[in-house]
Amino acid sequence: MAKVIVVTSGKGGVGKTTTSAAVAAGLALRGFKTVVIDFDVGLRNVDLIMGCERRVVFDFINVINGDAKLHQALIKDKRIENLHILATSQTRDKDALTQEGVGRVIEELSADFDFIVCDSPAGIERGAFLAMYFADEAIVVTNPEVSSVRDSDRMIGLLTSKSRKAEQGQALSSHLLLTRYDVDRVEKGEMLRVEDVTEILAVPLIGIIPECPSVLQASNVGMPVVLDDKSVAGKAYMEAVGRILGEDIEITIPKPAKKGLFDRILRRTA
Amino acid sequence: MTLFGLFARQPPKTAEAARERLQILLAHERAGLAGADFLPQLQREIIEVIRKYVEVDDERVQVTLDREQNLSVLEVNIELPAPEGKRPTR
């Protein structure tokens, strides 16, 4: 039986797709058979972030409608063993997703995979609702910024009331992942601190991903950021993956290395 | 090139990669090919034609597509059953 993890946020642009790609890739790197599903029908992007956009033939909607078999729609990652991508349709809209259809696909995937990562669209419409409905666990991606924290609070509320687990009277465990955290701005008092956000949202923290140039670099080339072994964000994601797997890894506030003159001359990594 | 640039290793030109990937992708999407909504129908019809002559297992059909700058390759792989009597046991 696979564990189903939804990556959600309410607000757009906070790093859901980056996180879905990084977490799915991280779980696969740790040896677990993992699939990442794009729920953003009509605005798909997981394929682009994972670098398989030229290989999409059949998609999630085709499988739901019975136009293709699941094995035909699953795209195997060329770099990471155990990692698969299920792209969504770029031409349909969110009404193509049905609760029954999504449930059927997730059940079929469950038999074969260890982890199913559901990349939620922004907003709280059908795609976002169905991405979370079948989840066992949720990663709520939040930026240290007022509108993001507010939207995350709303999502946490929906997760505890509108998911299948909630309907069955079970607890769906939500975790907070703080992304685009800029230590320098926090120190200057220009950005909410980790403690501020965790205190307001009151869900356990699963990781802090620092603002890091490698995230854009990775997305430029279509690579999950965890494959960049020099990336501070990539390392922070791998630690978060360890915590998802139940490992006791202390959460430290990552600080991107200060670049002195010497550094800049010798290794320009970003 | 800046003064530092002279000493530095060539930085990775990922922005260039991003531009190229987007150009290819968007050219196909604007042409209405990206959704490739005709593919399920195409696959069904191809299988029907082949089925007139040989037995085809739906599970043994693989369709792949590779989009490049100037051409796309659509590959339909249909695994045909082994001749009667010699079918490998599975």
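The values are calculated or read from the model by the stated rules, or taken from the named source; none is laboratory data. All values derive from a computational prediction rather than experimental measurement. FYI the Cβ positions are ideal-geometry reconstructions off the backbone, even for glycines, and counts take in every protein chain you see.
Quick rundown of the values:
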{"read-out": "Residue in segment A:13-28 that is more than 14 Å from every other protein chain (Cβ to nearest Cβ), within 26 Å of residue A:158 (Cα to Cα) and without any contact (Cβ under 8 Å) to a residue 24 or more places away in the chain present", "value": "no"}
{"read-out": "Candidates A:154, A:180 - the one that is basic (Lys, Arg), within 21 Å of residue A:25 (Cα to Cα) and under 20 Å from the mean Cα position of the chain (by Cα)", "value": "A:180"}
{"read-out": "Complete set of residues in segment A:82-111 that are within 14 Å of chain B (Cβ to nearest Cβ) and of a type in the set (D, E, K, R)", "value": "A:92, A:93, A:108"}
{"read-out": "Test set (1) aliphatic (A, V, I, L, M); (2) farther than 22 Å from residue A:129 by Cβ; (3) touching a strand residue (DSSP E or B) at 6+ places or on another chain (Cβ under 9 Å) - residue A:1 fails condition number", "value": "(3)"}
{"read-out": "Test: residue in segment A:73-92 that is assigned to a helix (DSSP H, G or I), out of contact with any Ser or Thr (no Cβ under 7 Å at 6 or more places or on another chain), surrounded by fewer than 22 Cβ atoms within 10 Å (Cβ to Cβ) and in contact (Cβ under 8 Å) with a residue 12 or more places away in the chain", "value": "no"}
{"read-out": "Total residues in segment A:163-219, condition farther than 27 Å from residue A:134 by Cβ, charged (D, E, K, R), surrounded by 14 or more Cβ atoms within 10 Å (Cβ to Cβ) and without any contact (Cβ under 8 Å) to a residue 60 or more places away in the chain", "value": "3"}
{"read-out": "Complete set of residues in segment A:46-63 that are under 15 Å from residue A:25 (Cβ atoms) and not β-branched (Val, Ile, Thr)", "value": "A:47, A:48, A:50, A:51, A:52"}
{"read-out": "Conditions (1) under 20 Å from residue A:74 (Cβ atoms); (2) more than 8 Å from chain A (Cβ to nearest Cβ); number of the one not met by residue B:46", "value": "(1)"}
{"read-out": "Every residue from segment A:16-65 that is crowded, with 21+ Cβ neighbours inside 10 Å and in a loop (DSSP other than H, G, I, E, B)", "value": "A:39, A:40, A:41, A:44, A:45, A:51, A:56, A:57, A:58, A:59"}
{"read-out": "Pair list, Cβ < 7 Å and 6+ apart or interchain, from segment A:124-150 residues that are surrounded by fewer than 20 Cβ atoms within 10 Å (Cβ to Cβ) to residues that are part of a loop (DSSP other than H, G, I, E, B) and of a type in the set (Lys, Arg)", "value": "A:147/A:11"}
{"read-out": "Residues that are within 14 Å of chain B (Cβ to nearest Cβ), hydrophobic (A, V, I, L, M, F, W, C) and touching a helix residue (DSSP H, G or I) at 6+ places or on another chain (Cβ under 6 Å), drawn from segment A:58-81", "value": "A:58, A:61, A:63, A:64, A:68, A:70, A:73, A:75"}
{"read-out": "Single match in B:29, B:20 (criterion: within 8 Å of chain A (Cβ to nearest Cβ) and at pLDDT 80 or above)", "value": "B:29"}
{"read-out": "Of the criteria (1) more than 10 Å from chain A (Cβ to nearest Cβ); (2) modelled with pLDDT of 80 or more, which one residue B:41 fails", "value": "(1)"}
{"read-out": "Within segment A:135-251, helices (runs of 4 or more DSSP H) holding 2 or more residues that are acidic (Asp, Glu)", "value": "A:146-162, A:183-187, A:194-201"}
{"read-out": "Hey, residue B:9 at the interface with chain A (Cβ under 10 Å from one of its Cβ atoms) and either modelled with pLDDT under 80 or surrounded by 14 or more Cβ atoms within 10 Å (Cβ to Cβ) (or both) or not", "value": "yes"}
